[in-house]
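A short reminder: the numbers here are calculations on the coordinates, not readings from a lab. None of these values were measured; they are calculated from a predicted model. Cβ: placed from backbone, ideal geometry, glycine included. Neighbour counts: every protein chain shown.
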Amino acid sequence: MAILAADVAGYSRLMGTDEEGTLARLRELQHAIVEPRIADHRGRIVKTTGDGILVEFASVIEAVRCAVEIQRGMAERNAIVPRGSRIELRIGINVGDIIIEDGDIFGDGVNVAARLEGLAEPGGICISGRVQEDVDGKIDAAFIDSGEHKLKNIARPVRVFRLRLSSSRPKAHIGRRGAVYSALVVALLLLLGGLWIAPPFQPNFFGSLVPGARPTQTAEIGAKPVLAVLPFVNQGGDAARDYFADGLTQDLISALGRFSTMTVMSWNAVAPYKAKPISPGEISRALGVRYQVEGSVHQTSDRVRVAAQLVDTDGRVLWSARFDEAFANVFALQDQITAQIAGALAIGMAEIEQRRVLAKPTDNLQAYDYVLRARPALQRPTRSNIVEARTLLRRAIELDPGYAAAYAALAETYLISTAMGWAQSPVAFLNQAEGLASRALDLNASEVRARIVLGRIHIFHQRYEQARAEMDRAVATNPNDADGLAGYGNILMWLGRTDAAIEALEQAQRISLELNALDRNALGLAYYLREQYQAAAEQAQINLREVLGAHFSYALLAASFAQQGRSEEAAGAAAALKRLDPMFDPQAFGSKLQNPSDLERLRDGLRKAGLYAPSSPAQR
């Protein structure tokens, strides 16, 4: 029998700093990562303590695989959490005879696992020599021999091995940026398309395969290749120019995302890997992608040099190219890259689609530079940087009054200010956003961001059919735009098409990995309406943990707990909402739901949590 013992590193410190938050995060991680992995590998939870868990497995291989998946899942979650607030597990695994009594297990086999847990580093796994012998060569991890250890209350020394969760060597990213954008996209599209629909693989199709490398297996017919364009590296030596490399990456993502025949991860999903040496295999596991584009950009005053390559999950180079263009030809460069990527993937480019994807946004490079400088504010908005972005975008429009993307981005600044409560006059700001988005579409009917802004404005005014029409067009133009998919899911949820809403919102989350607070609330509410109360509670908890001021999520959390019979936790969430938002209106919460049965189901949970009381006839 294999025994897995785990505990939370630094549990007392975490509880002393934030008891309520630590317990909430720990419950969320248990439900989202630990328990599902244990079930997947047919383990049995013997018991849990405040900060620990003891699990038995019939198979030692399943026990180790389970531990590896748990630690990788925890590492992914922790990547965006401040170091001092991270919940990290230590895991020990042993195999041996045990004594079963009243559902609990005892014996040296259990005691050794517990001692190994104590030797593990935060986020690490320690196994005994017997375990290592059984699993060597059968799992995706390397072993580090730590020698024999004398363990407390264990008669004989135990040989201990530490698991290194990735045995592959990290691969440095190649820099990316610049005028090479178009060439890179084209090349990658061509290459990825070849991998996707090619009949039996033709080795000479790729002129730049690494010598001796074997091509990857082609995907099944009908399956979409999944691609991540990693942040291009700025090799110019001036960190202040990072925005240009980031902008090139985002433009590549946007151009490739317009092809419905592939799935392209969003900028939010790849941004955490910027300037981090990490292997293609690790990225593939973390993002669920088959292909990765990586590259570098070197920009001087008058030229842009870009190196780029397409690799598979094993790090094999399937296509690579270098581009050197005058800065004035930056858009031609982007077109070349886009087309070559499409060709590499054998993605067909019909004439109308080619015109849309490779359209030149502006003739004024200074205006383009202003738009690139404004983008970070839209992705991580604060009140001050949104004001600064607005100034940059107005300059872009002054330089090029026909620049549709600048109008769309400016419209987005007004929408963000309204949604975040920063608008002096919400109605005036929304009117301004609507006018600018409409102007952008007059200039370019394929401007996706403008469609999304208009769709969200229509949602705000409960013009659902108009909102749906705009989001339909946005998703048709770019099927991989996470914001468009999330907005579409929002509309479907309010209209009562809950299953389709969940599908759209989950797809947005799959591409982007993180939703904004309102979209995450919509996904949680959709789960709630489908009686998936634990999933709804988890979305609310993420909002409360990660988004400052998302107090409205306490309402969904309280209703979800109440529907699960967790009355004490429901009362706690309701009390927190009343304390943090005394103006909360239970009559208004969810009142935009068009399906009366959906509204009643929501109010039933609020009623059970003590947040909602129907008005009496005399009050009506």
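In what order do 461, 149, 298 fall by count of nearby beta-carbon atoms within 10 Å, going from fewest to most?
So the ranking, lowest neighbour count to highest, is 461, 149, 298.
Could you work out the per residue convex hull volume over the alpha carbons of segment 2-164, in cubic angstrom?
Convex hull volume per residue, Cα atoms: 116 Å³.
Test of understanding: ordering 112, 317, 34 by Cβ neighbours within 10 Å, fewest first, what list do you get?
Neighbour counts put them in this order, fewest first: 317, 34, 112.
Going by C-beta contacts inside 10 Å, put 597, 438 in order with the fewest on the left.
By the 10 Å Cβ count, ascending: 597, 438.
Rounded to the nearest Å, what's the spacing between the alpha carbon centres of segment 422-447 and segment 15-58? Just the number, please.
Their Cα centres are 47 Å away from one another.
What residues qualify as long-range amide H neighbours of residue 515, i.e. H under 5 Å apart, gap of 5 or more or another chain, H built at 1.01 Å from N?
Amide H neighbours of residue 515, under 5 Å, 5+ apart: none.
Apply the Karplus curve 6.51 cos²θ - 1.76 cosθ + 1.60, θ = phi - 60°, to the phi angles in segment 500-509 and return the couplings in whole Hz, x for Gly and Pro.
Here the 3J(HN,Hα) series is 5, 5, 4, 4, 5, 5, 5, 5, 4, 5 Hz.
Before anything else, pin down the relative contact order of segment 365-550: Cα pairs under 8 Å, at least 6 apart, normalised by residue count, whole percent.
12 percent
Where both partners of a DSSP beta bridge lie in segment 2-164, what percent of those bridges are antiparallel, to the nearest 5?
90 percent
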